1. Count the net charge of all other residues whose Cβ sits under 15 Å from the Cβ of A:GLN35, scoring Lys and Arg as +1 and Asp and Glu as -1.
2. So how far apart, in nm, are the two label points at B:GLN33 and B:VAL57 if each is 7 Å from Cα heading toward Cβ?
3. Taking each residue in A:34-41, count the Cβ atoms of any other chain within 10 Å of its Cβ, then average. What number comes out?
4. For the residues A:SER7, B:SER44, what sequence is obtained by ranking on other C-beta atoms within 10 Å, fewest first?
Number of protein chains: 2
Amino acid sequence: MVCDPASFEEAQGIADNLKNRRAVIINLEKAEQGQARRIVDFISGTTFALGGNMQKVGQGIFLFVPSSIDIANESGREAKEKSIFPWVKSE
Amino acid sequence: MVCDPASFEEAQGIADNLKNRRAVIINLEKAEQGQARRIVDFISGTTFALGGNMQKVGQGIFLFVPSSIDIANESGREAKEKSIFPWVKSE
């Protein structure tokens, strides 16, 4: 599913898709910067709870997947081998 | 569990408690406003994924509970009867 939310109020609807085990691509070009940050933080929290993964696809475009799906990147390694959430310091 | 995070980097550790079915009280007085917003958004996303509830306890103090626990407020009604996430318009 691809979505392009403009405001944080749309975050729960997007999170419902993840809860229902659907991968979601979020394009944030319609969202003001503060709203975009809030959407990504909320959906990141949802994804973390579900044991899923997130990956930045491009400028303002993010892929979130529930736990049942792996993300393969260009180099063939799975994204989950890397730090999923960049704000967490590596151990 | 009561925690008083100062930065967003602590959000995942808090979310782990919710995933492990522990209620969490977050005191945000140590956190700068932008960081506080990010923490609450992330933990709200986690709580939403888990089917839990959140409630503002005081200025900068929030209670988050996983789905297995109800929140009773002063009037005796359960908090889950109200809109859990205030940014969602009622239907």
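1. -2
2. 2.4
3. Taking all residues of A:34-41 together, the mean is 4.
4. Starting with the residue having the fewest Cβ neighbours, the order is A:SER7, B:SER44.
Quick note: the coordinates plus some simple rules give every number you see, no bench work behind them. No experiment lies behind these values; they were computed from the predicted model shown. Every residue, glycine as well, gets a Cβ built from its backbone with ideal geometry; the counts of neighbours run over all protein chains shown.
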